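Remarks on the structure that follows.
The values are calculated or read from the model by the stated rules, or taken from the named source; none is laboratory data. Quick caveat: nothing in here was measured; it's all calculated off a predicted structure. Here the Cβ positions follow ideal geometry from the backbone for every residue, glycine too, while neighbour counts run over all protein chains shown. Accessible surface areas use protein heavy atoms only, side chains included; no ligands, DNA or RNA. Shrake-Rupley method; radii C 1.70, N 1.55, O 1.52, S 1.80 Å.
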Amino acid sequence: MRPDHELRLAFALSMAIASSWAAPVSAGKAVNPPPTASITSPANGSSFATGANIVISANASDSNGSVSKVQFYRGQTLVGTDSTAPYSVSWSNAAAGSYSLKAVATDNGRAMGSSALVNITVATPVCASLPSVPTGLSSPSQTATSASLSWAASVPGNNCTVQYHVYRDGVDIASVAGTSFTVNTLAADTAYSFSVSASNQFGNSAQGTPVSVRTSVATAAGGRVVAYFAQWGVYERNYRVRNIQASGSADKITHINYAFGNVRNNRCEVGVTLATNASTGAGGDAYADYANTHSAAQSVDGVADIWNQPLRGNWNQLKKLKATHPNLKVLISLGGWTWSRGFATAAQPANRSAFVASCIDAYIRGNLPTYDNAGGAGAAAGVFDGIDIDWEYPAACGLSCGSSADSDNFTALLAEFRSQLDAVRPGLLLTIAASAGIDKIRVTRPDLYHPSLDFINLMSYDFHGSWDAKSNHHSALYDSINDPSTGDARLANTNDAVEAFLTRGVPAAKLNIGIGAFGHGWTNVANVNNGLYQNGIVAPGTYEAGMEDYRVLKTLGYPAFDDPIAHAHWIYNGTTFWSFDDPATVADKMAYAKVQGIGGAMMWELSGDDATGSLLDAISTGLE
């Protein structure tokens, strides 16, 4: 057939189809009407929950024949086709939005007829009622140091998800998803009252009827108060060791960790002054550490340094502070975020022993490089009572990423430090700063390395920050069912970190809960839910974008809010959101520490606290 014949035939067919839709033409003669269709369900104006399976049904008929099929449309999208009455299709996993539905019937003559539009909405269901009060609480079994609890499930409420809070003597000690929990580290032959409440997205129920339990074996009490002093605080922040005394904090601290000592070229690098290089990791600050001459007004005891005395700077002031507080211990903290990159090679078998020896030589024996008439053999002897390892992070990623070999090397490194410290003199301390992130805990072996340590400082902060797209709590005590985070980020809270160490065999008395004297912030945050869990961008900070000291945040005057589920605090002025601990949340965490038998608390870092040491005071008072 020739192409022009094909064109004529196509035109003739299209005209024939078009005529089946046309109104009556020529005198007294009309074409057959198209088939009719009507949606029978859902009804116009219906509402559904997101994720619903929506069944769309229709009636259809043809006046002079049969209906060959019915097609169902959602807007311009074909949902499905049914060729057999009764006509229906299913639409699964409906997303939130407004939709127009239409049924189109086709008869054997290819004529089509459409139904009227049906408009529906799909929306996220709202939890609008409290869960029922938990009932049936009992303690099926007890040991000398623990008690198991179980209870009946609560009615969560329509469109709600329930979780439970366990209380010991009125103090909220745990948040759990299931209907059982084992309370550990209980005291000797002591009666406890336990109760349980339920919470959902709407709020908390009352506590159910309590149950009384008695145990039989004692546990040790805690009370360590560890605070970091930042080497660089003497510059922009103008925070000196004297401020620890002036604020009253020195009377409340048991241990000061001096941050940081550099780990580079498989040794403890000491004395390289203001030579920090981001690409190589070179650095150190001999001037701040031991060469800065303090005036009488800057000195702890009101006595000025002599210009050429071998020990000046922060380290001499720490030695003076120890003289006025004989029970105070000072440790050198090695590594930190910037200076941890050298640990991975230093901890390897070929380098481990010599690396540890270099650290002990510098910080315990006090043999320092000379700088500006300071330093020399034994110059820093008596300043430090031990070593704190702040490797960020073995077998995980910090400023750089490690390998799986780091885990065993980390354990062996701590054992080497323990051995060499004990050889110098018994009683020298060895501690670590440990990530509270579940992803970083699980790649190491706390069960194997904790015997080498006197205690572990949990960095139970920085759980969320301006690196997240949404505002969130940076130092929550518990998980919240309202948190939109997924995966390990849902375990980003102090309680889950503590449980991760306890279940790996670390005694609770060896743990210190971390308190951050700073906050994380977002700006351009929508005024929804008081700014919580909303998109934002990094907020400006005094020294670093997205971070601000507590002493500054407490003066901003923004409206303040507290999350009763997560036990977290924030402020929000309609656009800028800051998450941080205040004295009330610190007191809450110290009550938790006492209930769990945890050994104490650690604060990063002293210059972030206010002039009267409010956060440090809340730690100390809370542990009494």
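Quick rundown of the values:
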{"item": "Selected residue (criterion: surrounded by the most Cβ atoms within 10 Å (Cβ to Cβ)) from residues of segment 137-153 that are in contact (Cβ under 8 Å) with a residue 60 or more places away in the chain, of a type in the set (G, A, S) and part of a loop (DSSP other than H, G, I, E, B)", "result": "S139"}
{"item": "Selected residue (only one of T161, T185 is farther than 17 Å from S480 by Cβ and in a loop (DSSP other than H, G, I, E, B))", "result": "T185"}
{"item": "Only one of A379, A357 that is open to solvent by less than 30 Å² (accessible area, probe 1.4 Å), out of contact with any helix residue (DSSP H, G or I) (no Cβ under 6 Å at 6 or more places or on another chain), more than 22 Å from I441 (Cβ to Cβ) and of a type in the set (A, V, I, L, M)", "result": "A379"}
{"item": "Those residues of segment 496-520 which are polar (S, T, N, Q) and open to solvent by 10 Å² or more (accessible area, probe 1.4 Å), in sequence order", "result": "T503"}
{"item": "Filter result for A601 (small (G, A, S), under 24 Å from G233 (Cβ atoms), surrounded by fewer than 17 Cβ atoms within 10 Å (Cβ to Cβ) and within 22 Å of the chain's Cα centre (by Cα))", "result": "no"}
{"item": "First in segment 403-428 and in contact (Cβ under 8 Å) with a residue 40 or more places away in the chain and of a type in the set (A, V, I, L, M), second anywhere and open to solvent by less than 20 Å² (accessible area, probe 1.4 Å) and part of a helix (DSSP H, G or I), Cβ under 7 Å, 6 or more apart", "result": "L421/I360; V424/I360; L428/L421"}
{"item": "Residue within segment 81-90 that is open to solvent by 60 Å² or more (accessible area, probe 1.4 Å), of a type in the set (S, T, Y), in a loop (DSSP other than H, G, I, E, B) and more than 17 Å from I56 (Cα to Cα) present", "result": "no"}
{"item": "Whichever residue in segment 301-350 is of a type in the set (V, I, T) and touching an Asp or Glu at 6+ places or on another chain (Cβ under 8 Å) and, among such residues, is surrounded by the most Cβ atoms within 10 Å (Cβ to Cβ)", "result": "I332"}
{"item": "Among the residues listed as A116, A103, the single one being touching a residue at least 60 places away in the same chain (Cβ under 8 Å), more than 41 Å from the chain's Cα centre (by Cα) and open to solvent by 40 Å² or more (accessible area, probe 1.4 Å)", "result": "A116"}
{"item": "Residue list for segment 278-324, restricted to those being β-branched (V, I, T) and either at pLDDT 95 or above or more than 17 Å from R240 (Cα to Cα) (or both)", "result": "T280, T293, V300, V303, I306"}
{"item": "Tally of residues being part of a loop (DSSP other than H, G, I, E, B), open to solvent by less than 70 Å² (accessible area, probe 1.4 Å) and of a type in the set (F, W, Y) across segment 537-568", "result": "1"}
{"item": "Condition met for D609 (closer than 18 Å to I173 by Cβ and in contact (Cβ under 8 Å) with a residue 60 or more places away in the chain)", "result": "no"}
